[in-house]
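Below: one structure, written as structure tokens.
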Amino acid sequence: ELKRTTEAQARDRKEMEIAREIQQSFLPQEYPRIPGVTLAARSVPARVVGGDFYDFIPLGEGRWGILIADVSGKGVPAALFTGLSRSLVRVYATETGSVTKALSAFNAYVTEDNPASMFVTLFCASLSPGGDMVCVNAGHNPPLLVRRGGEILPIGATGVPLGLFAEAKYGEKPLQLGEGDTLVLYTDGVTEAFNGAEELCGMERLAEVLKGCAGLPPEEGLERILEAVGSFAAGAPQSDDITVVVLRV
């Protein structure tokens, strides 16, 4: 009996590792070549599989969709919904060439048949070659735009999370990125990381870290963010998936 139980546990672990490898393969395997822009991204699941994802989607005419998302729940259910969400948003965005139309189409599809009542918060920006950006924030943590001079601007919600209301509308926020500007996208695993005293890391701490990252390459800035979260947590268990995308002009 013990032998059968041990074998079953080993089989389950193996299956979860395969699931993790499959999920990781869904994430971009390389960064797109966008003139004048450098990128860095990382996703660290709290469990074997996670509910965060990011993507870089070609929209045509030199435009790119820069996306980050967080699915409700954790573990296998979240991982399955993550795969569906990433695939559908990419298909709709590629077909329409518009992140706003893509999110509206995805929301309509999910709300029509969603017995588990799952939802996803998502931020997507359409970046044009000249630095013009159109942002749509479906209930996601506000990304932080760090201007070259050090000013930090949050990009708030323009709509509710996807999958909740069929009639939901998603507004657009225009931005103009200039040389030296940095856009930081993140999931709540960053700002809602707990330390041993059950305190939250918070957006204010993240903003302070970003002030010290001004002028750094995105990869180095990303490392500093992850190190800061790890230092704040000080050995406390990771409570949620952590995903960060850094874009610098």
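The values are calculated or read from the model by the stated rules, or taken from the named source; none is laboratory data. Please read these numbers as outputs of a predicted model, since none were measured by experiment. Please note: Cβ atoms are built from the backbone with ideal geometry, for glycine as well, and neighbour counts cover all protein chains shown. What goes into the accessible areas is simple: the full protein's heavy atoms, side chains included, and nothing from ligands, DNA or RNA. Shrake-Rupley method; radii C 1.70, N 1.55, O 1.52, S 1.80 Å.
Right, GLU227: open to solvent by 50 Å² or more (accessible area, probe 1.4 Å), acidic (Asp, Glu), touching a residue at least 24 places away in the same chain (Cβ under 8 Å) and not in a strand (DSSP E or B) or not?
Details: open to solvent by 50 Å² or more (accessible area, probe 1.4 Å): yes; acidic (Asp, Glu): yes; touching a residue at least 24 places away in the same chain (Cβ under 8 Å): no; not in a strand (DSSP E or B): yes.
Considered against the rule, which asks whether it is open to solvent by 50 Å² or more (accessible area, probe 1.4 Å), acidic (Asp, Glu), touching a residue at least 24 places away in the same chain (Cβ under 8 Å) and not in a strand (DSSP E or B), GLU227 comes out as no.
Restricted to region 115-136, and to residues there that are outside any loop (DSSP other than H, G, I, E, B) and farther than 21 Å from THR243 by Cα, the residue that is most open to solvent (accessible area, probe 1.4 Å) is ASP132.
So for region 102-114 (the condition being open to solvent by less than 60 Å² (accessible area, probe 1.4 Å), in contact with an Asp or Glu (Cβ under 6 Å, 6 or more places away or on another chain), in contact (Cβ under 8 Å) with a residue 60 or more places away in the chain and more than 30 Å from LYS14 (Cβ to Cβ)), does at least one residue qualify?
no
Scanning region 24-62 for residues that are open to solvent by 50 Å² or more (accessible area, probe 1.4 Å), part of a strand (DSSP E or B) and touching a Leu at 6+ places or on another chain (Cβ under 9 Å) yields THR38, ARG42, VAL44. Checked against (1) part of a loop (DSSP other than H, G, I, E, B); (2) farther than 23 Å from ILE34 by Cβ; (3) touching a strand residue (DSSP E or B) at 6+ places or on another chain (Cβ under 7 Å), PHE165 meets all criteria but (3).
Among the residues making up region 194-206, those that are open to solvent by 20 Å² or more (accessible area, probe 1.4 Å) and closer than 26 Å to ALA157 by Cα are PHE194, GLU199, LEU200, MET203, GLU204, ARG205.
The rows are residues; the columns are (1) over 20 Å from ILE242 (Cα atoms); (2) crowded, with 20+ Cβ neighbours inside 10 Å.
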| site | (1), (2) |
| --- | --- |
| GLY163 | yes, yes |
| GLU167 | yes, no |
| LEU175 | yes, no |
| LEU183 | no, yes |
| TYR186 | no, yes |
| GLU192 | no, no |
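With respect to SER85, is the statement that it is part of a helix (DSSP H, G or I) and either of a type in the set (Gly, Ala, Ser) or open to solvent by 30 Å² or more (accessible area, probe 1.4 Å) (or both) true? So SER85 fits the description; yes.
Just one of the numbered conditions (1) within 20 Å of TYR31 (Cα to Cα); (2) touching a helix residue (DSSP H, G or I) at 6+ places or on another chain (Cβ under 6 Å); (3) free of Cβ contacts under 8 Å to residues at least 40 places away in the same chain; (4) not small (Gly, Ala, Ser) is not true of LEU88: (1).
Within region 63-74, the residues that satisfy the criterion of being open to solvent by less than 10 Å² (accessible area, probe 1.4 Å) and out of contact with any Asp or Glu (no Cβ under 6 Å at 6 or more places or on another chain) are GLY65, ILE66, ILE68, ALA69, VAL71. Among the residues of region 128-159, count how many are of a type outside the set (Ser, Thr, Tyr) and over 16 Å from the mean Cα position of the chain (by Cα). Residues that pass the stated criteria total 15.
The set of residues from region 215-248 being touching a Gly at 6+ places or on another chain (Cβ under 6 Å) and either among the polar types (S, T, N, Q) or within 21 Å of GLY36 (Cβ to Cβ) (or both) comprises just one member, VAL246.
The set of residues in region 208-231 being over 24 Å from GLY178 (Cβ atoms) and either in contact with a strand residue (DSSP E or B) (Cβ under 9 Å, 6 or more places away or on another chain) or among the β-branched types (Val, Ile, Thr) (or both) consists of GLU223, LEU226, VAL229.
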